[in-house]
């Protein structure tokens, strides 16, 4: 179902089969929860010793996607956003921002925020998370090597 203010655009007489719509609604909810959780993990996953290695891998993959894949797909490219937008388009949502964070802020607060401001803060916090992850993983590795040697 479209949220208030969102418009569903379908060609005259075009109707999506109910099973496909149900699956797309399920995927839409999944991507909203998964992607939002992934963002929280990127921001805070370095805090817990047990998640530090996987956190570092996820942050490196995110940096790779944003900056390397971004050469071809646009700065800040994220496959999760791409897939989520495809699902939302199949549900008739066509006015999606290029940034998932912009969408998330608008969805949760109703605020329309400047895309450049969101991008600046996204890069800043991603780089801070990368720095924190490298430092904590190095410290963990150093402590292990000190105890074993």
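The values are calculated or read from the model by the stated rules, or taken from the named source; none is laboratory data. Note that the structure is a prediction, hence the values are computed from the model and not measured. Every residue, glycine as well, gets a Cβ built from its backbone with ideal geometry; the counts of neighbours run over all protein chains shown.
For every residue, the table says whether it meets (1) part of a helix (DSSP H, G or I); (2) more than 14 Å from the chain's Cα centre (by Cα).
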{"site": "37", "(1), (2)": "yes, no"}
{"site": "52", "(1), (2)": "yes, yes"}
{"site": "63", "(1), (2)": "yes, no"}
{"site": "76", "(1), (2)": "no, no"}
{"site": "103", "(1), (2)": "yes, no"}
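For region 97-134, name all the residues that are within 23 Å of residue 54 (Cβ to Cβ) and loosely packed, with under 12 Cβ neighbours inside 10 Å. Quick ask: steps written out before the conclusion?
Initially, region 97-134 is screened for residues within 23 Å of residue 54 (Cβ to Cβ), giving 100-101, 104, 122-134.
Matches in region 97-134: 124 only.
Within region 48-81, how many residues turn out to be touching a residue at least 60 places away in the same chain (Cβ under 8 Å) and more than 21 Å from residue 102 (Cα to Cα)?
Taking region 48-81 and keeping what is touching a residue at least 60 places away in the same chain (Cβ under 8 Å), we get 49, 52-53, 55-56, 59-60, 62-63, 66.
Keeping just the survivors that are more than 21 Å from residue 102 (Cα to Cα) gives 49, 52-53, 55-56, 60.
Result for region 48-81: 6.
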What are the pairs with Cβ atoms under 6 angstrom where one residue, in region 106-120, is under 14 Å from residue 96 (Cα atoms) and the other, located anywhere, is surrounded by 14 or more Cβ atoms within 10 Å (Cβ to Cβ) and modelled with pLDDT of 95 or more? Sequence gap at least six, or different chains.
113/105; 115/102
Consider residue 118 against the criteria (1) in contact with a helix residue (DSSP H, G or I) (Cβ under 7 Å, 6 or more places away or on another chain); (2) under 19 Å from residue 61 (Cα atoms); (3) at pLDDT 95 or above: it satisfies all of them except one. Which criterion is unmet?
(2)
